[in-house]
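Notes follow once the structure below has been shown.
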Amino acid sequence: MNPVRKQRAAVAALAAISVLAANAPPAAAQGVAIIRDAETEQLLRDYVTPVFRAAGINTNAAKIILVGDRGFNAFVANGQKIFINTGALMEAKTPNEIIGVLAHESGHIAGGHLVRLHQELARAQIMAIAGMLVSAGAVAAQVQTSRGGNRQTQVGMDQGGMAGILLGPQELVRRSLLSYQRGEEAAADRAAVKYLTATGQSAKGMLVTFERFANDALFKTSSIDPYVLSHPLPAERISALQDAAQKSPYFEKKDTPALQARHDMMRAKLYGFMGDQAEIARRYPISDNSLPARYARAISNYRFGRLGESLQAIDGLIATQPANPYFQELKGQVLMESGRAQAALPYLRKATAMAPGATPIAVLLGHALVGAGGAANDREAVRVLGLATQRDPDSSEGFQYLAMAYDSLGDRPNAQLASAQALFVTGQYVEARTQAKRAQDQFKQGSSGWLKADDILNYRPPNLD
């Protein structure tokens, strides 16, 4: 499990439709870490794939991205990308709760809400400009009529009256936008129930999630003007959702034991990596010998300096489930990060073979190969990381370690190209172009490497203002 900074700097500037924490800024907009974890990503793909199909969303084009934030939130940004906080996964007790959140976000994607929000923002900008022009005329008229007054009256009018006139149109535009977004949220709720019903799943978990936020907001909303909220008032939203959800024949349907078990393991892993010692000890005490509890404690022991206990606990997990790729991955990660890269290789090779499509595991193997050193390991790293970055061209870490492997082999053009690709993925376009130019100058014109460098050189980021 690895935290990675924002996949693209552009994400921070995009408008995001947030489903849950209406008054909290999206995590991506705060520059927090993006988390890559093969186990969690695979589980979320399994959760959302039937929903995507019901919604008519291309499962290959849409992506789920984990945000390293303990708040319970999820949002859509940058086209067909669903961002979900690790805090939401840690707090949700059942798969159905998260599936409901993902169904809601799918409603935003299928409804084209983000595209329409940009259109609404453009319309609002025109309204604001027009309103400002009208207000400016009103201010000029007030100034003209007040010229005979005393200086004290003039100053008071300038600081109060003018400000009120100029802010009036902006307030109307803001309320218009918030009203628009409330409508989109309600539409996404309805769409989510439709998708869940179509896939034979309950909307009860989604209702549980929204009820949690209604309780949190109970005292906050009693004196708030509903027209300045970006989401429907909790009572209204829950009432509408409850009516729709209870009409489904699947309302009382439970998650399968196997899916619940995977969910519990995911939560244990996240708590192990993100919780503090007291929290982990409280949730997963020594008296709890369940697999999730053993998993959380094995990770916690490593994080807090008890390496021997951690490795012993991981060996116990592997003995219990020898075909579990994530236990093999964990053993390899602990060994590698403890300065034993060569010893980590057998475990990471096993994990990669068991989960061949898991990019984060392949990148971890590539990292260990580069760390172990030697020409044979570097050549294997080029092969492993080359395939990983083809599968996932947004893996900045994959390109970083690929650049290191090429550099160790003395292949400067490909090392510089991989560095350019790593910079490009993280939105550092100026630096990426510098590296791409250096690489292109060394490739034969028209070759694969030359063309990849040329793509970076000719890319112009969209205007996000």
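Between the C-alpha center of region 182-209 and that of region 276-294 there is a gap of 33 Å.
What translational D, rounded to a whole number of µm²/s, comes out for region 335-465 from Stokes-Einstein when the hydrodynamic radius is the Kirkwood one over Cα pairs, at 10 °C and 1.306 mPa s?
Numbers: Rh = 15.1 Å.
Approximately 105 µm²/s, per Stokes-Einstein.
A straight Cα-to-Cα reach below 19 Å connects K269 with the lysines K93, K331, residues fewer than 8 places away in its own chain not being considered.
Neighbours of G386, meaning other residues whose beta-carbon lies under 11 angstrom from its beta-carbon, give a summed charge of +2 when Lys and Arg score +1 and Asp and Glu score -1.
Based on the mean of other Cβ atoms within 10 Å per residue, sort peptides 413-421, 452-460, 50-58 so the most packed one is first.
Numbers: 413-421: 24.6, 452-460: 15.2, 50-58: 18.0.
So the peptides 413-421, 452-460, 50-58, ranked by packing, come out 413-421, 50-58, 452-460.
Protection proxy ranking, highest mean first, for peptides 441-451, 305-315: 305-315, 441-451, where packing is the per-residue count of other beta-carbon atoms within 10 Å, averaged.
Kindly rank 276-282, 200-206 from highest to lowest mean number of other beta carbons found within 10 Å of each residue. Spell out each step's value before the answer.
Working: 276-282: 13.1, 200-206: 22.9.
Ranking, from highest mean packing down: 200-206, 276-282.
Throughout, read-outs are computed from the coordinates displayed, never taken from laboratory work. Bear in mind that the values here come from a model prediction, so they are computed numbers and not experimental data. Counting neighbours? That spans all protein chains shown, and the Cβs are built from the backbone with ideal geometry, glycine included.
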